[in-house]
Every structure is written in C-alpha cells, then in structure tokens.
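Engineer: Encoded as structure tokens, here's the structure I'll be asking about.
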Amino acid sequence: MTIKLIAIGKTDSKSLLQLISEYENRLKHYVKFELDIIPDIKNAKNLSEAQQKEKEGELILKKLGPTDALVLLDENGKQYSSIEFSTYLQKKMNSGLKQLVFVIGGPYGFSPEVYAKAKGKISLSKMTFSHQMVRLFVVEQVYRAFTILRNEPYHHQ
C-alpha cells in the first residue's frame, strides 16, 4: 500500500521542512510514502471562501486515482489514539487497498465535492494547528503507527 499526504500551500519554515523530511526518510523502511504539495491558489485574495475551496477541491480531486481511499484531516473527524491509528492503518493494508490518501485542506477547509469523495475524516486534536505543523504531525503519526505495528520502542520513548 502507498500512503500519500496531499497538502495545500508550501511550508516556509526550514525547521519544519527538515523534520518532515526526517520522518519521510524513516517511513521508507515501512511503507511507500509520498508527500504531494499543491501550490497556493493564485490571487486567492480576490476569491470568496467558497471559490477558494472550489479551486483547491478541483486540484485535490485531480491528484486522486479511481481506487484511492481519500481521508480528510478535518476538525470534525474521528479522533484516534496512536495505537488506534496504527490499527486503522493495519486494517487498510489488510483490505488490499492500493493507495490511502490523507489530505490537509486550505485555510477554509474542503469543497462539497471533496467531502463527497472522502471515505473518512480524521481529527488530530480539538485544538487548531497551523497547516504546516499538521503536515509534521501526520507524517510523525504514520511513522509512529508503523513502529507500533512492528513492536519497536519508538512509541515508548
């Protein structure tokens, strides 16, 4: 199975980029992982929230294959402990799924079309985090999930 993380907009922080890259490299030992960054929408200031979500939604949907399972990172999604999330990933792998796609939306969330295509929603916390930090948290939690599944000590550090 391939796990893909799609995110809108670039990350400006070199420190965050370095940490994300570190976890991407660690993940190579467990699963095929891809990070796909969709550039910020040009002239977003001139668009309404709905128009911006629509344009971002079109770009997200273009990145999906017909058999991909789309899971949105959404404040109203299901919350998992790290162990529960590892079980969730194991079930996805056991199901024969070829590609699991997590998406971090833009500042206003997702378009109705993206919600309609989604197979699930996950919330990392009731707190709000910057989109850049969410990328790091997702990559780290995917890595943690695989160390849990392999009974490796990382989870208990």
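Engineer: Using just the Cα positions, wrap the chain in a convex hull and report its mean projected area in square nanometres, one decimal place. Numbers along the way, then the final one.
Structural biologist: Details: hull surface 37.3 nm².
About 9.3 nm², averaged over all directions.
Engineer: Please report, as a whole percent, how much of the solvent-accessible surface of the stretch 47-124 comes from carbon and sulfur atoms (probe radius 1.4 Å).
Structural biologist: On the way: 2090 of 4170 Å².
Looking at the stretch 47-124 in its full context, I get 50 percent from C and S.
Engineer: Moving on to the next point. Once the dipole of the stretch 108-157 is set up with Lys and Arg at +1 and Asp and Glu at -1 on Cβ about the Cα centre, which of 136, 148, 122 lies farthest towards its positive end?
Structural biologist: 122
Engineer: Pairs of alpha-carbon atoms within less than 8 angstrom and 6+ residues apart define the contacts here; what relative contact order does the chain have, in percent? Show your work: numbers first, answer last.
Structural biologist: Working: 227 pairs, mean separation 53.7, N = 157.
For the chain, the relative contact order is 34 percent.
Engineer: Roll a 1.4 angstrom probe over the protein heavy atoms and tell me the percent of accessible area of the stretch 4-44 that is carbon or sulfur.
Structural biologist: Details: 1230 of 2510 Å².
Taking all protein chains in place, the stretch 4-44 shows 49 percent carbon and sulfur surface.
Engineer: Now a separate question. Using the heavy atoms of the protein chains and a 1.4 angstrom probe, tell me the accessible area per residue for the chain in square angstrom.
Structural biologist: Numbers: 9020 Å² over 157 residues.
Value for the chain: 57 Å² per residue.
Engineer: Now for a different question. Keeping every protein chain in place, order 59, 70 by accessible area at 1.4 Å, biggest value first, i.e. largest first.
Structural biologist: From most exposed to least exposed: 59, 70.
Engineer: How much mean residue ellipticity at 222 nm does the chain get from its helices, if each DSSP H run of length 4 or more adds -39500 (n - 2.57) and you divide by all residues, to the nearest 500 deg cm²/dmol? Don't jump to the answer; show the numbers that get you there.
Structural biologist: Details: 5 runs with 66 residues, N = 157.
My calculation for the chain gives -13500 deg cm²/dmol from helical runs alone.
Engineer: Sticking with this structure for a sec: Which residues in the stretch 114-129 have a backbone N closer than 11 Å to a point placed 7 Å from the Cα of residue 82 along the Cα-to-Cβ line?
Structural biologist: No residue qualifies, since no backbone N sits under 11 Å from the label point.
Engineer: Further, regarding this structure: Through the Karplus equation 6.51 cos²θ - 1.76 cosθ + 1.60, θ set to phi - 60°, convert the phi angles of the stretch 86-96 into ³J(HN,Hα) values in whole Hz; use x for Gly and Pro.
Structural biologist: Once rounded to whole Hz, the list reads 5, 5, 4, 5, 4, 4, 4, 5, 5, 6, x.
The values are calculated or read from the model by the stated rules, or taken from the named source; none is laboratory data. Since the structure is predicted, the reported quantities are computational estimates derived from the model, not experimental observations. With ideal geometry, Cβ positions are generated from the backbone for all residues, glycine too; neighbour counts draw on all protein chains shown. To get the accessible areas, we keep the full protein, side chains included, count just its heavy atoms, and leave off ligands, DNA and RNA. Shrake-Rupley method; radii C 1.70, N 1.55, O 1.52, S 1.80 Å.
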